[in-house]
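Asker: Before anything else, here's the structure in question.
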């Protein structure tokens, strides 16, 4: 059995307020933990006196349907899973000092027909299962006491959707404290306008709600912060809010040289909105936004920031297989990054608003979003019960509440999501005009020339709803959207465009989406020359994509679908649709690689195979799996999906057949060859026959072992709950994946964690998904593990007759953030000249001209890539081209740590030099400004091969005009760091340049060396293998006229003609330098006398279990405070109700800061009224 150790870092720091910007007001607290639940309808469950002791304990988000067994007696539309009626209850203590503040309950999503109660009083109902909503609970709150929240959820109409919906409180829930006068819910709206590369204007609307009985004069300040945290624009406005009224204000923020948001560079800003009453801040929120422009042209399509762009989109539903509708953000991030790697640049939220976290990820990752509201309006569509398009359908849906709630649901979607820069259009409906489902029109009696590609169910049906209603409703809904956002176009996905063209439906839209009707692209463009047309839902065929590329006026397409989903299933056994590029486990399917060959700009090649019947000359399949295990001499079709100009096939190192050119009719190259065991490899070639991509598969033997392929760690701030995604593969005795295996795998977990579920991606596997066993599909599966605390977690996978495998997860209470994942999602790339000369200039072209640098995000020669070693991501820099990866985010005051080792390869102009790299910090401005035209201005922490005379890791070099002070002594021509020496200036405006580290602490080049960089307010420490190699201070840069501070910026990792590997790249924010660093900076900070506190608390017995959790929380968070030396919780042996907290502090100032901390205030309110006595003594050592 193989075992490996993985460290999962769990953040306990307080979330920044921008994480709550979806509410835009007050002080939100997530209240997902410790709810009670029962799956039945009960009388009186809203009463505080109701006994729920036998109810199930659950944490939110919670989808009860996915926890129930599949059954052929249930509806295929919703994945053969049940609905029902459920109740949730939670007791919440509201501190007495909150008296006078307003209390709100905010639900991100409850499916469906919910009613919320507080202390037995109904706050209201919300029938939509996708709308986010809040209720003001203030009138019924009992301050200083426990308050009961109860929620009734009625999903008894379980077949009310065409796809799987989930059931219950399947998204986050928040408690919000707010002053009587506060920013209204979703009351901040920031949108860019007048955008150029040199300037931009951000329009900001702020709505204030005055819930008091007095008029209130207010000051509203809006500050726009860059990614570096700098205020780039600020406006202040005064207004008066009348009692009991809402008031709005508008300002415009002007930004010079804006950092634009795009697919490649999703730069974001933060808008800080502050409300003051006199000099007192009464509300504040941070809204994440971005700056970008776009245009839609009926003839030329879509442009983002002035650049024409074909939208390569996918439709997605909101479930994730075994996880149902309650999908952790980490799972969505893995899925979205995978889609983007395939070339996808847009997401369609089919066919409802999704969880807020999805939009946040699209903002951060650079994915356009079509946000969609409805799948039906005033009449229901068919809901298939016995398989898609089979049997007698049902007709449950939203028809009974659309008239009352439809416009509000739409308005709330727009108001909630409009600050997401990724959203570029609002969709008011999907296939509402599906012919005869339900609307009909005489046009459906067409002669066939109308070009329908979907069933029209027998022509015009005069008793069906009149299709002319479509235009009436569409105009009303479009008006609702424009009331709250005029900056984005309104769209809809039209299923029966030939019918809809006879109505006012298309003209009510700003841009028109066509579902599966590529045949109308040209004719409708001619008939309606002002209409902007795109594919809002399309099949995976090559021809459907050519209809986009061959028609400039068609700006893109959205594939159905990006990911397999539950529901809309076929006849039993089938739990969902398999139309995706990814399967239910988020694994790439063959059609995903085919799509990558069409969409990706990065060189790629893929090989798949399948048996070929004799004489079968059909178009090669886009669903060929990478399997190479057949009968000897069996005729096999080998297909290649590639974006290369041509491809060569090799079997066991020898070419098979001819080199073939890319096929522009099918997009697929193929060979039909007799099977021979071994290694089958495809090599993608450029027009010059040079290799640009390679992909290989291997014949496999019998299943022998389980192998952990990847362990994707994640970080969560919420109650120590992080999700780890572990991929397991069945392999043979040589480690070759066995895709034909279907072994049953059992997952065993010990330690502070639980199994959320196991998913293999097989839509026809109808076995139990609630246990810890699952059969692999295509030889693999993924397990979702949720940590629940600190400690060692052992996760073991076993299967009869196979060798088991195990991983150990060290769940660490820490505030470290991982910077490295397999998609380099937190980094960008810059590359200099392809051929670098020894003088820092490019090797000239053959015609004597100077080449241009490669530039940003091209990654030529795949210089920067992430490989996996025992499932751990490792950054591989192959060294071929000078350049760097640099963080998208800027940092100030932080501790960075990583490991590196050098490879074997070296390239010109340093083939005769030591292997070299570097960590460049406080990096600012554009790349390419240094001597080598490769990097930004910044300070360098040298990374150097051991055992040479060219320097060591820990040395300092200035990059461009950077400068710094170091205590150093000169020996001949070399300056070397010396703690006892005087400060000397190094860099641009100083005599010194390079400064050597105090000693060589580096491991041999083939071994991993650990580096740490600590930066605080212009001071920094270079640490190698735990030893300080150098202390630096007064970081600055020279403008040519003066020195300016250089204490923050991005982090670069150099590529400098040498192969190098980096891993375990982590960073955390710090509030001061380590105490041990004082002496390194001339011991200027005098250590104050330590202070100790003895706090003794006797708790009431009925609250002991609750308060133990409160104690542990404050201990964990206090230990992280910079001024705390130790913080220990003790329990009296004789009296278990008596607890003593022993505290040691650096100073009185540290104690004062602790007393003002939010976690200490939460502790004080958490124990209020629950203790018999409390005594506190502050002491200091005198002898």
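The values are calculated or read from the model by the stated rules, or taken from the named source; none is laboratory data. Note that the structure is predicted; figures quoted are calculated from it, not measured. No Cβ is skipped: glycine too gets one built from the backbone with ideal geometry, and neighbour counts run over all protein chains shown.
Asker: Given the criterion within 35 Å of the chain's Cα centre (by Cα), under 15 Å from residue 610 (Cα atoms), assigned to a strand (DSSP E or B) and in contact (Cβ under 8 Å) with a residue 24 or more places away in the chain, identify the matching residue among 697, 692, 636.
Answerer: Just one listed residue meets the conditions, 697.
Asker: Among (1) loosely packed, with under 15 Cβ neighbours inside 10 Å; (2) assigned to a loop (DSSP other than H, G, I, E, B), where does residue 259 come up short?
Answerer: (1)
Asker: OK, next. Can you tell me which residue in segment 1138-1166 is surrounded by the fewest Cβ atoms within 10 Å (Cβ to Cβ), limited to those that are in contact with a helix residue (DSSP H, G or I) (Cβ under 6 Å, 6 or more places away or on another chain) and within 23 Å of residue 1100 (Cα to Cα)?
Answerer: Ranking the qualifying residues of segment 1138-1166, first place goes to 1160.
Asker: Next up: Have a look at 139, 61 and point out the one that is crowded, with 21+ Cβ neighbours inside 10 Å and modelled with pLDDT of 95 or more.
Answerer: Exactly one residue qualifies, and that residue is 61.
Asker: To continue, here is another question. Given 925, 883, which one is within 18 Å of residue 829 (Cβ to Cβ), crowded, with 19+ Cβ neighbours inside 10 Å and within 33 Å of the chain's Cα centre (by Cα)?
Answerer: Step by step, each of 925, 883 is checked, and only 883 is within 18 Å of residue 829 (Cβ to Cβ), crowded, with 19+ Cβ neighbours inside 10 Å and within 33 Å of the chain's Cα centre (by Cα).
Asker: Still on this structure, I have one more. In the set 526, 462, which member is in the same structural domain as residue 381 (by TED's automatic domain parsing), in a helix (DSSP H, G or I), over 36 Å from the mean Cα position of the chain (by Cα) and loosely packed, with under 15 Cβ neighbours inside 10 Å?
Answerer: None of the other options fit; the residue is 526.
Asker: Of all the residues that make up segment 92-114, how many are part of a helix (DSSP H, G or I) and in contact with a strand residue (DSSP E or B) (Cβ under 8 Å, 6 or more places away or on another chain)?
Answerer: Qualifying residue count for the region: 1.
Asker: Is at least one residue of segment 705-728 part of a loop (DSSP other than H, G, I, E, B) and more than 21 Å from residue 810 (Cβ to Cβ)?
Answerer: no
Asker: Among (1) touching a residue at least 12 places away in the same chain (Cβ under 8 Å); (2) more than 27 Å from the chain's Cα centre (by Cα), where does residue 392 come up short?
Answerer: For residue 392, the failing item is (1).
Asker: Further, regarding this structure: Take residues that are at pLDDT 85 or above and exposed (fewer than 14 other Cβ atoms within 10 Å of the Cβ) and tell me which of the strands (runs of 3 or more DSSP E) falling wholly in segment 1005-1115 contain 2 or more.
Answerer: Those strands (runs of 3 or more DSSP E) span 1043-1045.
Asker: Please give the number of the condition residue 122 fails out of (1) surrounded by 17 or more Cβ atoms within 10 Å (Cβ to Cβ); (2) assigned to a strand (DSSP E or B).
Answerer: (1)
Asker: Say we look at segment 846-862 and pick out the residues that are in a loop (DSSP other than H, G, I, E, B) and within 37 Å of the chain's Cα centre (by Cα); which of these is farthest from residue 883 (Cα to Cα)?
Answerer: 852
Asker: Out of 148, 81, I need the residue that is in a loop (DSSP other than H, G, I, E, B) and at pLDDT 95 or above. Which one?
Answerer: 81
Asker: Is it the case that some residue within segment 759-779 is crowded, with 22+ Cβ neighbours inside 10 Å, assigned to a strand (DSSP E or B) and touching a helix residue (DSSP H, G or I) at 6+ places or on another chain (Cβ under 6 Å)?
Answerer: Checked against the condition, which is being crowded, with 22+ Cβ neighbours inside 10 Å, assigned to a strand (DSSP E or B) and touching a helix residue (DSSP H, G or I) at 6+ places or on another chain (Cβ under 6 Å), segment 759-779 yields at least one hit.
Asker: Being in contact with a helix residue (DSSP H, G or I) (Cβ under 6 Å, 6 or more places away or on another chain) and surrounded by fewer than 24 Cβ atoms within 10 Å (Cβ to Cβ) is true for just one of 520, 542. Which residue is that?
Answerer: It is 520.
Asker: If a residue has to be in contact with a strand residue (DSSP E or B) (Cβ under 6 Å, 6 or more places away or on another chain) and assigned to a loop (DSSP other than H, G, I, E, B) to count, how many in segment 1124-1145 make the cut?
Answerer: 2
Asker: I'd like to check something: does segment 389-406 contain any residue that is over 22 Å from residue 127 (Cα atoms), touching a helix residue (DSSP H, G or I) at 6+ places or on another chain (Cβ under 9 Å) and assigned to a loop (DSSP other than H, G, I, E, B)?
Answerer: No; the residues of segment 389-406 include none that is over 22 Å from residue 127 (Cα atoms), touching a helix residue (DSSP H, G or I) at 6+ places or on another chain (Cβ under 9 Å) and assigned to a loop (DSSP other than H, G, I, E, B).
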